[in-house]
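In what follows, a single structure is set out as structure tokens and then discussed.
The values are calculated or read from the model by the stated rules, or taken from the named source; none is laboratory data. Not measured: the values here are computed from a predicted model. Counting neighbours? That spans all protein chains shown, and the Cβs are built from the backbone with ideal geometry, glycine included. With ligands, DNA and RNA removed, areas are computed over all heavy atoms of the protein, side chains included. Shrake-Rupley method; radii C 1.70, N 1.55, O 1.52, S 1.80 Å.
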Amino acid sequence: MSENSHNNLSCPKIFALFQKRIEGDDALLRLASLRFKEAGLGAEYYAETPDELEWLLSFRPSPSAPVVVHVSREINLFEESGRKAVISFARGFENRVYGFVLHDQGEITTRFDEYSAVLEEMEADLQKIKGCPYLFIEYAAGLAPDVFIDLFRKIAGLEKISACIDIGHIGLWQAQAAFSHRHPGKDICAVKPSSPELSEVIDDVVEAVNSAPDAVLKVIQELGKIGKPLHFHLHDAHPLSTFSVFGVSDHLSFLTEIPVPFEYKGRRHLKLMFGPFGLLKVISESLRILGPERVTFSLEIHPTEGRLYLGNASYLFNHWVDKGNAERMNRWLSVIRMNHELVMKSCRPEDAPVKRPEKVIVYNLFPLLAGKFTDWESHLLRASLMGFTWVFINPIHPTGRSGSIYSITDYFSFNPVYVDPECEKPPQEQARDMVRTAERLGLKIMVDLVINHCSVDSPLIREHPEWFQWDHGRIVNPSANEDGRRVVWKDLASFDHRNTKDKEGLFRFFFSIITFLAELGFKGFRCDAAYQLPKGLWERLIGDIKKSHPDLYFFAETLGSPSDLTRKMAGAGFDYIFNSSKWWDFRSSWLMQQYALTRDMAPSISFPESHDTARLCEELNGNLDGIKQRYLFSALFSGGVMMPMGYEFCFRKRLHVVRTRPEDWEETCADLTSFITEVNRIKAEHLIFQEDAPTEILAHGNPNVLFMWKGSTRSQEESLLILNKDIYNRQEFYVESLRQYVQAGSPLTDISPENRLDYIPAPFSYELMPGQGIVLMSTRDKGFADEQDIGR
């Protein structure tokens, strides 16, 4: 984020659980402090005593970071010692803590009036403390929600005491109540994925879980009417969950699902109680009722499985021999960060999409791997949280007998694989809803436009034989050269763009395809094998469609095309072309020659792998340094970048245009989402990385290190990239002065995604880790003409 959430006046205060919870020394808390500061998060500490809280405050992410404190669960306000403990906390930390959170008590149901009277006494004592924090009574003991609501109605006049709404706890209470209504005496939380009876009761489990969000919204609405400030504990839940090491069914990330051992309605996962869009409803409703000044949110998400490379925090653990627990802590903090991004996105009006400048940072959602349209929201959300601005979707139309998604039979309907039969909406509306979801997340959708060919068994061949190429009465199949051999796709039929007797009819057909998809909300088209179609056709097609849809983008797929033909095609009106940097060895001259030939015609898009290539993780045998190196280079080399789904988790199984299915989703221990998010942020924040800027490979002493200069023509930015080509070994880099390689007048600044340097020494000597990239930025002085303009 460019601005910390606690400094953003339009956003409520947002906190997250700040604890170790993982075995290790105080370096883990220093890691948490660093990650919270980077995210702009406030901290919710758990402290048993004032002395412990004083110590924890030494790890406060920043002096301005807001703080909430969850005091001991053993404190009972029915007891005098409990009341004194709370007052002791309040007196010791006035003006330093926003609020204290205290569990409610199960006895409230039978001692309701007594507890109300106790809170009135507490209010009198708290009012005597200048700058006293709030006291939030948390829903935690399993009271009937109506009792909890009645309590705060009774003490509506108390200024310093209010409620903490734990949405997971309330949701589980509702799920248990709904399930026990159908199954008296049975606890839904005792049912687990391994339970033999799950298949018999799963419909009732799902129905009970689905009733929970409305119960939470009712509590928000009723307490919101009182007008008190409300604190929220945000975490997801599901009675079937076995994720927690603490044996509870909640405190889950909103970005996961519950696996089940059999297929249920076409899926082997169940959605959580809230999920991203349930959270959106919770936040939207609370802000609608109370506004951002009277609402605070705290992410109370427990540790999750997995490890994450420490990156710029490695120095904190130089004294550790085994950094496994540090990486587990880093993984947990990355999950909190992604949920924080989700909360931030949810703090806008529900119908307001994220507004982003036009940047081409593309996530390739491979539809056969993603499954039904109704299952795409989690993938779209993940793309949005990583900072992608576009989503590219391969063909979504019905296929011919071969089953290849590039073998299309009907351009105006949808592949049944993507249609949810359980959804009441027709396929076209399901697709439209998917696009709307993407738009609300700040994403534009581009889809494959395949008009070089269609399926060899398409009805179009019978209906319009004049539109196709024929050879002695046989339909012509398209072909291409791959690695020096001719490959013929016998499941495809080639349109006759150049010699058809009905050029106008064929043109109007293509025009109607684009119009159909544009009216569904698609904003871009990756034009498959664009170089195999006449330039004149593209010029007219793009020009005519933009008269009625000026906001559409066209991306030319020109892989395999000679550079001069690519340059010619780029001049047909395409907004972007794709380049071949994926195959560059960091040494040969051909890539820079191609780049120089085409960059003034249209900006290009790089990619580290695609659906047409093997997975990079498989090619590199799991080398994470190489996978990160290639994405960093792809993102910074050209104006656009594209990454296929699964790259962020180092998938190895190649995407297949016929056989891939959602069951091919891989469970890996790798998670590069934080690294990719940071690279995407760098690209989004600097114009130089959004254009095909003048670029030069610089000479220096180590051939194993790429030293590259870029100079923007759209801004005053200049950059230097120092990239270790070697993904297995460290490499030395040395130059007398980096300043001699830039024309800029301002100092060079390190903006690298990891291990940033605080200052740039001269001479510059650095030992690069395997695959490491250093990204340096400087700014040229404005010219005399610019200064004159400013003077005017």
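The single condition among (1) without any contact (Cβ under 8 Å) to a residue 24 or more places away in the chain; (2) of a type in the set (Ser, Thr, Tyr); (3) in contact with a Gly (Cβ under 7 Å, 6 or more places away or on another chain) that TYR553 does not satisfy is (1).
Selection of first residues in region 26-43 that are free of Cβ contacts under 8 Å to residues at least 24 places away in the same chain and of second residues that are open to solvent by less than 10 Å² (accessible area, probe 1.4 Å) and charged (D, E, K, R), restricted to Cβ pairs under 8 Å at least 6 apart or on distinct chains, gives an empty result.
Restricting attention to region 739-753, the residues that are at pLDDT 90 or above and over 17 Å from HIS700 (Cα atoms) add up to 6. Among the residues of region 495-512, the ones that are open to solvent by less than 20 Å² (accessible area, probe 1.4 Å) and either within 21 Å of ASN477 (Cβ to Cβ) or without any contact (Cβ under 8 Å) to a residue 24 or more places away in the chain (or both) come to 4 in all.
Within region 762-769, can one find any residue that is within 28 Å of the chain's Cα centre (by Cα) and under 24 Å from GLU691 (Cα atoms)? No, region 762-769 contains no residue that is within 28 Å of the chain's Cα centre (by Cα) and under 24 Å from GLU691 (Cα atoms).
Filtering GLU114, GLU94 for residues that are touching a Pro at 6+ places or on another chain (Cβ under 9 Å), among the charged types (D, E, K, R) and over 19 Å from SER298 (Cα atoms) leaves a single hit, GLU94. Quick one: count up the residues across region 41-56 that are in contact with a strand residue (DSSP E or B) (Cβ under 7 Å, 6 or more places away or on another chain) and either closer than 13 Å to PHE100 by Cβ or open to solvent by 20 Å² or more (accessible area, probe 1.4 Å) (or both). So the count comes out to 5. Restricting region 296-325 to residues that are open to solvent by less than 10 Å² (accessible area, probe 1.4 Å) and closer than 16 Å to GLU38 by Cβ, the residue that is modelled with the lowest pLDDT is GLY311.
Among the residues of region 461-494, the ones that are within 18 Å of TYR411 (Cα to Cα), free of Cβ contacts under 8 Å to residues at least 12 places away in the same chain and of a type in the set (A, V, I, L, M, F, W, C) come to 0 in all. Just wondering, is there one or more residues in region 562-573 that are modelled with pLDDT of 90 or more and surrounded by fewer than 24 Cβ atoms within 10 Å (Cβ to Cβ)? Within region 562-573, one or more residues are modelled with pLDDT of 90 or more and surrounded by fewer than 24 Cβ atoms within 10 Å (Cβ to Cβ). Here are some residues: SER402, SER384, SER378. Which one is small (Gly, Ala, Ser), open to solvent by 40 Å² or more (accessible area, probe 1.4 Å) and in a helix (DSSP H, G or I)? Going through SER402, SER384, SER378 in turn, the sole match is SER378.
The rows are residues; the columns are (1) closer than 14 Å to PHE495 by Cβ; (2) at pLDDT below 95; (3) of a type in the set (Phe, Trp, Tyr).
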residue	(1), (2), (3)
SER404	no, no, no
GLN430	no, no, no
VAL435	no, no, no
GLU439	no, yes, no
TRP470	yes, no, yes
GLY473	no, yes, no
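For every residue, the table says whether it meets (1) closer than 21 Å to ALA237 by Cα; (2) modelled with pLDDT under 95; (3) of a type in the set (Gly, Ala, Ser).
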| residue | (1), (2), (3) |
| --- | --- |
| VAL118 | no, no, no |
| PHE148 | yes, no, no |
| LEU158 | no, no, no |
| ALA163 | yes, no, yes |
| ILE167 | yes, no, no |
| GLY171 | yes, no, yes |
| GLN176 | yes, no, no |
| LYS192 | yes, yes, no |
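Here the condition is being in a strand (DSSP E or B), closer than 25 Å to LEU597 by Cβ, at pLDDT 95 or above and open to solvent by less than 50 Å² (accessible area, probe 1.4 Å); of LEU776, LEU706, it holds for LEU706 alone.
When each of ALA90, ALA117 is tested for being buried (at least 20 other Cβ atoms within 10 Å of the Cβ) and more than 20 Å from ILE14 (Cα to Cα), the lone residue that passes is ALA90. The criterion of at least 2 residues that are over 14 Å from VAL205 (Cβ atoms), out of contact with any Asp or Glu (no Cβ under 8 Å at 6 or more places or on another chain) and among the hydrophobic types (A, V, I, L, M, F, W, C) is met, among strands (runs of 3 or more DSSP E) falling completely within region 229-306, by 295-299. Based on what the data block shows, is ASP551 of a type in the set (Asp, Glu), farther than 20 Å from PHE412 by Cα and more than 32 Å from the chain's Cα centre (by Cα)? So ASP551 does not fit the description; no. Would you mind stating whether SER479 is modelled with pLDDT of 95 or more, open to solvent by less than 80 Å² (accessible area, probe 1.4 Å) and in contact with a strand residue (DSSP E or B) (Cβ under 9 Å, 6 or more places away or on another chain)? No. Determine, yes or no, whether ALA670 is within 30 Å of the chain's Cα centre (by Cα), farther than 18 Å from ASP750 by Cβ and not charged (D, E, K, R). Considered against the rule, which asks whether it is within 30 Å of the chain's Cα centre (by Cα), farther than 18 Å from ASP750 by Cβ and not charged (D, E, K, R), ALA670 comes out as yes. Taken over region 430-458, residues that are in contact with a helix residue (DSSP H, G or I) (Cβ under 8 Å, 6 or more places away or on another chain) and within 22 Å of ASP420 (Cα to Cα) amount to 9. Across region 281-295, the number of residues qualifying as open to solvent by 10 Å² or more (accessible area, probe 1.4 Å) and hydrophobic (A, V, I, L, M, F, W, C) comes to 3. Residue count for region 663-699, restricted to those that are open to solvent by 50 Å² or more (accessible area, probe 1.4 Å) and not in a loop (DSSP other than H, G, I, E, B): 6. Within region 578-592, the set of residues being without any contact (Cβ under 8 Å) to a residue 40 or more places away in the chain and either within 31 Å of the chain's Cα centre (by Cα) or open to solvent by less than 10 Å² (accessible area, probe 1.4 Å) (or both) comprises SER580, TRP583, TRP584, ASP585, LEU591. Looking only at residues of region 482-494 that are open to solvent by 30 Å² or more (accessible area, probe 1.4 Å) and among the hydrophobic types (A, V, I, L, M, F, W, C), we find that the one that is farthest from LEU443 (Cα to Cα) is VAL488. Considering region 516-543, and only residues there that are farther than 23 Å from GLN469 by Cβ and loosely packed, with under 13 Cβ neighbours inside 10 Å, the residue that is nearest to the chain's Cα centre (by Cα) turns out to be GLU519. Filtered by the rule that a residue be in contact (Cβ under 8 Å) with a residue 60 or more places away in the chain and open to solvent by 40 Å² or more (accessible area, probe 1.4 Å), region 93-111 gives a lone residue, TYR98. Answer yes or no as to whether ARG60 is over 30 Å from PRO145 (Cα atoms) and in contact (Cβ under 8 Å) with a residue 24 or more places away in the chain. So ARG60 passes the test. Every condition in (1) more than 17 Å from the chain's Cα centre (by Cα); (2) closer than 15 Å to LEU252 by Cα; (3) among the small types (Gly, Ala, Ser) is met by SER314 except one, and the failing one is (2). Within region 456-472, can one find any residue that is open to solvent by 20 Å² or more (accessible area, probe 1.4 Å) and on the phi > 0 side of the Ramachandran plot? Scanning region 456-472, I find at least one residue that is open to solvent by 20 Å² or more (accessible area, probe 1.4 Å) and on the phi > 0 side of the Ramachandran plot, so the answer is yes.
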